[in-house]
Structure formats: C-alpha cells, structure tokens
Amino acid sequence: MTHRGTRVLHVGSLSRVEGEGALHLRVQDGTVTEAQLRIYEPPRFFEAFLRGRSYTEPPDITARVCGICPVAYQMSACAAIEDACGVTVDPSLRELRRLLYCGEWIESQTLHIHLLHAPDFLGCDGAIELARTDRPAVERGLRLKQAGNAILELLGGRAVHPVNVRLGGFHRVPTTAELRSLREQLRRASDDARETVEWVSGFHFPDAETDADLFALADPGTYAIDAGVPTVLRTDGTASSFPLRTFLDRVRETHLPHSTALHSALDGRRHLTGSLARFAISGRYLSPTAAEAARTAGLGDPYEGAICRNPYRSIIVRAVEVVYAIDEALRIIDGYEPPPRPYTDVPAAPRVGHGATEAPRGLLYHRYRLGGRGTVADARLVPPTAQNQGAIEDDLRRVAQDALAQEGVDDAELTRRCERAIRNHDPCISCSTHFLDLTVART
C-alpha cells in the first residue's frame, strides 16, 4: 500500500448487513483526515407519508420502516400519539407490549450476533461458512430467533410487520393458556442464550474505545426497553437526563452532502446509542441471570456500574441483553392475567405528542402533531443509526489510521477492517448499510 497519489477501490456488496452506502477515506501524508460513511439510498419519505393520515394509522405505517425491528416503530408511534391524546394505557396492556418488545429484542439481537457479527471474529465470510465450521452455534442462533418470533407471532399476529398492535393496546390479547404455551420454548431459549454469552466472550477483541457520549432511555427500577427518560452519560462520567418533549432541542439533525441519512449531535457532541449505552446507563437493573452472565463474560459487575466502551465487545452486551429479554418474557408470562379489554380507548386530541423506545440498535424517537380532526399534521422520526453516524465515522477513522500504521495491510485488508467496524454497531439505514464503493484518496 502506498501513501502517494490517489487510488480508488471498488468493493462488492458488503455482506451481513442491509442497505446501500459507501465509505470514502482521505489520507494525507499517511494521516486519515476524512472518513465519510456515504449513504446514498433514496429517501423513503415516511414522515411525508404520515401527514394527512388518521392518527390511528402511524403504528401500522411506520412498522414498514424496518422488517427486523417493526415493533420498535409501532411502540414509539403508539407512545407518541397516546401522549398527544393524554391517554395512559392499562398496566396489563403495557406489560403485554413489553413482552412483544422482548420478542423483537430476542430475534433481532440473535440474528445480528450469530449470522451477521460472529463470522467477523471467526474468520468466516458469512453464516454459511460458519455453519460448516460450527454448526451447533448457528443452530443455537436459529432456535433463539424462533423463540423471539414465536412471541411476535402470538402477540403481533405475525413475525414480520405485526398487525395486531393498535393505539391503546391490541386488537386481540392472548389467553393465559396461549401465552403460557411459550414457556417451555423460552426455558430452552434461556439455556441457549447463556451458552451464547459464553461463546462470544471467548472471541478475540481488538483494543478499542469509543469516546462518544452514551445515550439511552432510563426507567428507574427496570432495564429500559419500551419507555423511559432520555439520559446521557458523558465521557467524563457525569450523567444527566432531560424531558422527552425537549428531545429535538437537544438532538439536532443535519443533512450532510455525502449522505441521505441525517447525522445527529446531542448538545453539539458526538453520541452513541444502543447496547453499550443501555448497559452503562441501566445495567444495574438487569435480571440476576443476565448480570451474572455479564460478570462471567468479563464485562464487569453491572450492579456496580460497569461500563463497556469497546465497540467490538458490543456482541457480548447484545448476548447479555438476550438473556435479559428471555428472563423478562418469562416474568411477564408467569404473572399474566388477561386484561378486561384488549385496548384502552384513545380519543383524538389536537396536540403534540412524544414517544421513545429502545430498538435493538438504540433509542428511537417519534413526534406527532395532531390536527383538529384527528389527522397527522406533522411527524418526526429519529432512528438510532442516524444518531450513531458520527460515532461510526469516528470509529472508522481510528480503524483506518491504525491499519495504515501497520506493515502488510493492503487495501483489501483495510476494507475488511472498516466493514467490521461498521458491523460492530449493527447499523440500520433502510435496515442497515451496504458498501458498494470504498474510495481512498491519498495526497
């Protein structure tokens, strides 16, 4: 690899993520001066689609934003519109929503761990090659994903783009017998989840540390999933929260020329949302089984405020969150009694509402302004990957700089390392990001 002149590399589609994009690196005198994750997928205009629609429609429309985490969009939409309408949903229905969300966490995090991320650590090109070398691990991942899908199918009506969610609750709630039919599958999944933590904790992790502020919801007394207050943990160790209604005052989105995905900054600073942030902010509320799994895996004691800032080790944190989601699902199932009605009435009100939940990839925010006839006058959706773009690019800059300082790292190896750094964050652009072009400009 030479540092003189300009060289353009064309890379085929990045596997094990979804979406379309490119990476542009500029190297001057051996120093990486610019790292741009260029997202060129066409805008999808969901916010425009929502304007003029009935206030009852966003949960179904926004579920189509993502085929892997539709529940996150449904729950954030419901929370925001119910907030605008001044409605508090029955506690038993909120528990069912949390259970549905647990199903999504299980299937989505498991998909990323076993099929997308683990091959990076094991020298495999993908899940097919991994299945040849470690078939039991892939089968374990598929069993876990089936367990998550089973929850989605029962509560949501189907595993992809659930259709049973509505404002105020559900169109139909399960019987006690139906819900408890999931227990045995989840019990087996619990064993698989703990084995997964042990498996991924044995991977080799490069030394790395993000210097972005960590940002997640906090819900006192529980590990935040479906509700909470936006909370930021600064790099100096100080933490603070702010009201959800001020979210857009604190998290500012900007359109940069190199990307159709908006970039976000929190109070003008780079921030990171997702598993690492949740573990740092809410780790003390993990279930005992999940906390023990974290300690055994070398993450430290979450009950004593352990923090992990190594993006490569995010695969361990995700595995711990799967353990927690299964524990939480079993807790809700064991305490379930059918509510008197499947939903709480949500009459329209001409106000503004805010909602946020924790998608597997991080904090997802929705804001809706409703008109006098119950139509959506304005909508704002801020997904986690848009917030993480700055932190991802900063990671890429460091990874590329470290690679350039080493002997024998050619352009193919540089590309592989950059792709791996992106997969650490499980980005979701129109689910995730594909590389089609890697451009390295050296001057």
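Here are some notes:
- Condition met for PRO347 (of a type outside the set (Val, Ile, Thr), out of contact with any Lys or Arg (no Cβ under 9 Å at 6 or more places or on another chain), under 15 Å from ILE81 (Cβ atoms) and open to solvent by 20 Å² or more (accessible area, probe 1.4 Å)): yes
- Qualifying residues in the stretch 86-106 (those that are open to solvent by 10 Å² or more (accessible area, probe 1.4 Å) and acidic (Asp, Glu)) - the one nearest to ARG140 (Cα to Cα): GLU95
- Picking from residues in the stretch 310-333 that are charged (D, E, K, R) and either buried (at least 21 other Cβ atoms within 10 Å of the Cβ) or in contact (Cβ under 8 Å) with a residue 60 or more places away in the chain (or both), the one that is farthest from GLY298 (Cα to Cα) is GLU328.
- Answer residue from the stretch 189-203, given it is of a type in the set (A, V, I, L, M, F, W, C) and assigned to a helix (DSSP H, G or I) and is most open to solvent (accessible area, probe 1.4 Å) among those: TRP199
- Within the stretch 352-380, residues that are at positive phi have Cβ atoms under 9 Å from residues that are open to solvent by 30 Å² or more (accessible area, probe 1.4 Å) and modelled with pLDDT of 95 or more in these pairs: GLY374/SER54; GLY374/TYR55; GLY374/THR56; GLY374/PRO347; GLY374/ALA348; GLY374/PRO350, counting only partners at least 6 apart in sequence or on another chain.
- Condition met for THR385 (crowded, with 23+ Cβ neighbours inside 10 Å and either at pLDDT below 95 or of a type in the set (S, T, N, Q) (or both)): yes
- Filter result for THR210 (surrounded by fewer than 13 Cβ atoms within 10 Å (Cβ to Cβ) and in contact with a strand residue (DSSP E or B) (Cβ under 9 Å, 6 or more places away or on another chain)): no
- Total residues in the stretch 154-183, condition closer than 21 Å to VAL87 by Cβ and acidic (Asp, Glu): 0
- Number of residues in the stretch 50-84 that are within 28 Å of LEU115 (Cβ to Cβ) and basic (Lys, Arg) equals 1.
- Checking the stated criteria, PRO220 turns out not to satisfy the condition of being farther than 21 Å from GLY355 by Cα and modelled with pLDDT under 95.
- Hits in the stretch 169-188 (condition: crowded, with 19+ Cβ neighbours inside 10 Å and not in a loop (DSSP other than H, G, I, E, B)): GLY169, PHE170, LEU179, LEU186
- Among the strands (runs of 3 or more DSSP E) confined to the stretch 219-286, the ones with at least 1 residues that are open to solvent by less than 50 Å² (accessible area, probe 1.4 Å) and within 24 Å of LEU100 (Cα to Cα) are located at 229-233, 271-273.
- The residue that is surrounded by the most Cβ atoms within 10 Å (Cβ to Cβ), counting only those in the stretch 110-141 that are in a helix (DSSP H, G or I), of a type outside the set (S, T, N, Q) and without any contact (Cβ under 8 Å) to a residue 24 or more places away in the chain, is LEU130.
- Unique match (being over 25 Å from THR260 (Cβ atoms) and at pLDDT below 95) among ASP410, ASP394: ASP410
- Condition met for ARG341 (more than 24 Å from ALA79 (Cβ to Cβ) and in contact with an Asp or Glu (Cβ under 9 Å, 6 or more places away or on another chain)): no
- Looking across the stretch 388-416, just one residue is in contact with a Pro (Cβ under 9 Å, 6 or more places away or on another chain) and surrounded by fewer than 18 Cβ atoms within 10 Å (Cβ to Cβ), and that is ASP402.
The values are calculated or read from the model by the stated rules, or taken from the named source; none is laboratory data. Everything numeric in this text was worked out from a predicted model, so none of it was measured. When we count neighbours, we look across all protein chains shown, and the Cβ atoms used for this are built from the backbone with ideal geometry, even at glycine. Surface areas here come from the heavy atoms of the whole protein model, side chains and all, with no ligands, DNA or RNA. Shrake-Rupley method; radii C 1.70, N 1.55, O 1.52, S 1.80 Å.
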